[in-house]
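Here is the structure we will look at.
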Amino acid sequence: MKQIAIVALAAGALVLGLTGCGSDKSTDASELRKETSTSAAVKSAAPIASTPAAAPVEPPTAAPASTAAVKQTTAPNGAKTTCGEFRNLDGDTEKQVIQQVLAANPGSKFDGSPNVALGTAKLACLASAYTDTPVANAIGAAK
């Protein structure tokens, strides 16, 4: 029982000693904002000259033509669509191609998961190495 009291007394003395070692200067942010009489005099002695506002920037009158390719709305080869062709399809046509790929390859690992197959196809077909590869082969649905 005496050991616990001694340990508690030592810990209290250590905490009390460490709190006494702190800095006497306060680093309160409000002290940084207080003006002294010399800084106030300097501010009033030198007024800030106003500068004229810059003219607003005008947008160009003729906007450049969009260079984005128009997405295809029909799959040229159905289930045998290559990744290069798949990249140029719109969203609904991509879904149709994946449904055709899954119908042509029953029992694949994507059977019953057309959304997973679609996401995999979008990722796999980003690789330029798969440009001439059929989507079914690129995603691993073909046997």
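Every read-out reported here was derived from the displayed coordinates using simple, explicitly stated rules and does not represent laboratory data. Since we're looking at a predicted model, the values are computed, not measured. Reconstructed Cβ throughout: ideal geometry from the backbone, glycine too, with neighbour counts over all protein chains shown.
Okay, here's what the table says:
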{"read-out": "Residues with amide H under 5 Å from that of residue 89, placed H, sequence gap 5 or more", "value": "72"}
{"read-out": "Highest to lowest packing among 94-101, 7-14, 106-113, scored as the average C-beta count within 10 Å", "value": "94-101, 106-113, 7-14"}
{"read-out": "Residue-by-residue Karplus 3J(HN,Hα) for region 97-111, coefficients 6.51, -1.76, 1.60, Hz, glycine and proline x", "value": "5, 5, 4, 5, 5, 5, 5, 6, 10, x, x, 6, 5, 9, 4"}
